[in-house]
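Scroll down for the structure; my scribbles are underneath it.
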Amino acid sequence: FLALILGFFLLLPILMIVVVSFWDYDFAQMYPDFVTFNYTETLGSWVTWQTYLTTLKYAFLVWAITLFLGFWGSYFLAFHIRTTTMQMVLFLICTVPFLTSNIIRMISWIPVLGRNGLINSALVNLGIVPAPIEWLLYSDFAVVLAMVHLYTLFMVTPIFNTLMRIDKSLIEAARDAGASGWQILWNVVIPLAKPGMAIGTIFVVTLVMADFSTVQVMSGGQSASVALMMKNQMSLLQYPAAAANAVVLLIVVLMMVAAILRVVDIRKEL
């Protein structure tokens, strides 16, 4: 029964996307066929490769920042907050902003980063800069900042869960053996936290690779991503071309996940 559910809701849609990616189309409709020019156009275009590189750049930057913030936030909650009740309270407080819509949290940065926004107004009034900073909004910086805001919780949760499972006696034993705080962190905490870091990495990378609304809004249409390219193709009724892009993107993401799983064994966390 579970296999039927998995096949119907996961494998069947993927199979349909693969089939449609080989269909022909024009401006009005699709034609069942077996053609490969959807893939040749996708893989043979320098625009596509540039878009993939931009998307991978976003994924890397957001991953690095969320990993840093997520680890240290989780480390503080797990080892510096003594009571379990307070740990849960602070963790729930961290989740409160994520109970609102992604769109609302994303566009909330516009009045902060805009030319006449809070940051620019403060910098100009304090005499730090002579004129508003243009690259704060509608730039790659704004895209990465908004994505970090949107996806940090997906890194915090698995790392926090992993750190809470670490036997505190291991840390006490390392401290009794004369290890410094940084030695304990590097040789005990981080190795044991790797499964949670890997799970968080999978969440963040896959979400960033599939995000199109953040790129569209926060870049002001000046940047593109693979998901945004597929969205534009679908708006033009180019469904087979979008399906081919989706298959390529799926293969890229699966290769990234496979590489993560080869480095870190996350079965102990699942």
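The values are calculated or read from the model by the stated rules, or taken from the named source; none is laboratory data. Every value quoted in this text rests on a predicted model; they were computed, and no experiment measured them. Quick reminder, even Gly has a Cβ in these numbers, built from the backbone with ideal geometry, and neighbours come from all protein chains shown. Heads up: the accessible areas ignore ligands, DNA and RNA and are worked out on the full protein's heavy atoms, side chains in. Shrake-Rupley method; radii C 1.70, N 1.55, O 1.52, S 1.80 Å.
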Report task. With a cut-off of at least 1 residues that are farther than 30 Å from A243 by Cα, name the helices (runs of 4 or more DSSP H) lying wholly within segment 36-120. Result -> 46-79, 84-95, 110-113
Report task. Could you look through segment 73-85, keep only residues that are open to solvent by less than 90 Å² (accessible area, probe 1.4 Å) and modelled with pLDDT of 85 or more, and pick out the one that is farthest from the chain's Cα centre (by Cα)? Result -> F79
Query raised in the report: Only one of I166, I184, I251 is outside any helix (DSSP H, G or I) and of a type outside the set (K, R); which?
Result: I166
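Results for (1) of a type in the set (S, T, N, Q); (2) open to solvent by less than 20 Å² (accessible area, probe 1.4 Å), shown as yes or no for each residue.
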position: T157; (1), (2): yes, no
position: E172; (1), (2): no, no
position: A177; (1), (2): no, no
position: G181; (1), (2): no, no
position: N187; (1), (2): yes, no
position: I190; (1), (2): no, no
position: V205; (1), (2): no, yes
position: S235; (1), (2): yes, no
Report summary line: In segment 208-232, residues that are closer than 18 Å to I14 by Cβ and either assigned to a helix (DSSP H, G or I) or open to solvent by less than 10 Å² (accessible area, probe 1.4 Å) (or both) total 4
**Report entry** Search result, residues across segment 26-59 that are exposed (fewer than 13 other Cβ atoms within 10 Å of the Cβ), without any contact (Cβ under 8 Å) to a residue 24 or more places away in the chain and among the hydrophobic types (A, V, I, L, M, F, W, C)
**Finding:** F34, W46, V47, W49, L53
Query raised in the report: Pairs under 8 Å by beta carbon, first residue closer than 17 Å to A78 by Cα and small (G, A, S) in segment 136-162, partner outside any helix (DSSP H, G or I) and open to solvent by 50 Å² or more (accessible area, probe 1.4 Å), six or more apart or different chains?
Result: none
**Report entry** Hits in segment 121-136 - residues which are loosely packed, with under 15 Cβ neighbours inside 10 Å and outside any helix (DSSP H, G or I)
**Finding:** L126, G127, I128, V129, P130, A131
Requested in this report: Scan segment 215-224 and give yes if some residue there is within 20 Å of L69 (Cα to Cα) and small (G, A, S), otherwise no.
Outcome: no
Report summary line: L90: passes all of (1) under 29 Å from the mean Cα position of the chain (by Cα); (2) over 24 Å from N161 (Cβ atoms); (3) open to solvent by less than 80 Å² (accessible area, probe 1.4 Å) but (2)
